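The values are calculated or read from the model by the stated rules, or taken from the named source; none is laboratory data. Predicted model, so just to flag it, every value in this text is computed and none were measured. Areas reflect the complete protein model, heavy atoms only, side chains present, ligands, DNA and RNA absent. Shrake-Rupley method; radii C 1.70, N 1.55, O 1.52, S 1.80 Å.
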Amino acid sequence: MILVTGGAGFIGSNFVLDWLAQSDEPIINLDALTYAGNRANLASLDGDARHVFVHGDIGDRALVDGLLATHRPRAIVHFAAESHVDRSIHGPGAFMKTNVDGTFTLLEAARAFWGTLDGAEKAAFRFHHVSTDEVYGSLKPTDPPFAETNPYEPNSPYSASKAASDHLVRAWHHTYGLPVLTTNCSNNYGPLHFPEKLIPLMIVNALAGKPLPVYGDGQQIRDWLYVKDHCSGIRAVLAGGRVGETYNIGGWNEMANIDIVRTVCALLDELRPDPAGPYARLITYVTDRPGHDRRYAIDARKIERELGWRPAETFATGIRKTVQWYLDNAAWVADVQSGAYKDWIGANYSAR
Ligand code: NAD
Ligand code: DAU
């Protein structure tokens, strides 16, 4: 079996669902169920013995030690993190605690467990760290996309905490020999995405007739990858990646934020027309994010060359599936917009 951390969040729950759709290898899913963790994402696995959910913190060393000793996973796939840049600006402490201290605790537990293994079990064990392209900083318009060899230049509390965790993972390999893999991925989108991030926020606001808040001039560029392609990339690296290496995962799809928002509006116009008029009428430019990175882009040739991975979805196919998923899952959308969600929306947008 494998141990997944953060498997009730956006990417983690997609990963768990995809894994168990194509394999009978069980998963232990350790998740603290912060505001971003949602058991409902995994409701289709209720009663499925292949999925063992554990409500707990990666920073709880005794808990993690116990899980490793009891279940003896062949790999740890580490998603658990505080993941939202805007929240890291409002309150960086939780990011240091989970992303830095939590990863440290998990590495120490993994090192102790790996030290008890012998022979083939020891050789096969992997610690797979899921990270972000934001560790590389911000690109100028004509810069080549991020390669694995780019220097680290994180600019936000979130990306600094993820960069720190990447460095810990690297050091645990070089110093202790822990068999690690690191993947640095671009912006994901797709089903089960919590509506604090750009694409799901725009969908749920548009459907509610609320303003679509575009930061600054809306010309910031991100590379967008459909979440299930990220999951297949992680599976490829876990299966065949070279120990100690990092692999960039991206969608070969750079787009400006305003074009993303206009695409979402056009799809909604087609799939759920609003009698009040085109959804783009709701686009509202608001005060920019402090320290906002201008451009991210991923050079994903290494994972393609070594492991034959390429994304299956184009942005056109992936965003259509995504918008349709939100239209088909109104109950999920309503449930996640709790009081705490409304508090966050107030905190982040009311003074912009
Ligand atoms: P998310 O915020 O949707 O989910 C994070 C999950 O981790 C939640 O289920 C939460 O409950 C859990 N968690 C948080 N703190 C924890 C703790 N201390 N112990 C146990 N569980 C804890 O995040 P996501 O968007 O799914 O991102 C998952 C990972 O992928 C993160 O490491 C993130 O940095 C990375 N990543 C995300 C993206 C993206 O576009 N979303 C892109 C590249 C990399
Ligand atoms: O690049 C990978 C990263 O992508 C991940 O590591 C992060 O976990 C993930 O949250 C994401 O970070 P971003 O900051 O790029 O994602 P977000 O959806 O918050 O914002 C995308 C862009 O849209 C960014 O330029 C800011 C802008 N934006 C965002 C929101 C929420 C807006 O213009 N308006 C908004 O309301």
Original post:
Given 0.36 nm per residue, what is the gain on full extension from residue 117 to residue 266 after removing their alpha carbon distance, in nm?
Top reply: 48.2 nm
Subject >> Heavy-atom accessible area ranking, 1.4 Å probe, most first, across 285, 215 >> reply: 285, 215
**OP:** Based on alpha-carbon positions alone, could you give the equivalent ellipsoid semi-axes of region 143-185 from the gyration tensor, as √(5λ), descending, whole Å?
**Re:** 21, 14, 8
Subject >> Beta bridges by DSSP in the chain, antiparallel share as percent, to the nearest 5 >> reply: 10
Original post:
Going by a ≥ b ≥ c, the root eigenvalues of the Cα gyration tensor, does region 173-233 fall in the rounded group (a/c under 1.5), the prolate group (a/b larger than b/c) or the oblate group?
Top reply: prolate
Original post:
Under 5 Å between amide H atoms, partner at least 5 residues away or on a different chain: which partners does residue 187 have, H built in plane at 1.01 Å?
Top reply: 223, 225
Original post:
What angle do you read, to the nearest 10 degrees and between 0 and 90, between the alpha-carbon axis of helix 227-240 and the longest principal axis of the chain?
Top reply: 20
Original post:
What figure in square angstrom, to the nearest 10, would you give for the accessible area of residue 15 with a 1.4 Å probe?
Top reply: 0
Original post:
How much accessible surface area, in Å² rounded to 10, belongs to the heavy atoms of residue 325 with a 1.4 Å probe?
Top reply: 50
Subject >> Dmax and Rg, reported as Rg then Dmax, of region 10-81 (C-alpha, Å) >> reply: 11.9, 32
**OP:** Please work out how much accessible surface residue 97 shows to a 1.4 Å probe, ignoring ligands, DNA and RNA, in Å² rounded to 10.
**Re:** 120
**OP:** May I ask for the Rg/Rh ratio of region 48-95, computed from Cα atoms with Rh as the Kirkwood radius, given to two decimals?
**Re:** 1.08
Original post:
Considering only DSSP beta bridges with both partners in region 163-260, what is the antiparallel share in %, to the nearest 5?
Top reply: 30
Original post:
Any number yet on Rg/Rh for region 103-232, C-alpha, Kirkwood?
Top reply: 1.06
Original post:
Could you give the distance between the Cα centres of region 132-166 and region 227-261, to the whole Å?
Top reply: 15
Subject >> Reciprocal mean inverse distance between Cα atoms of region 1-137 - Kirkwood radius, Å >> reply: 15.4
**OP:** Quick one: pull the percentage of alpha-carbon pairs in the chain with a separation above 26 Å.
**Re:** 48
Subject >> Exceeding the 26 Å Cα-Cα cut-off - candidates 162/228; 97/122; 97/210; 97/342; 228/302; 140/162 >> reply: 97/122; 97/210
**OP:** Over the Cα atoms of region 197-352, compute the convex hull volume and normalise it per residue, giving Å³.
**Re:** 140
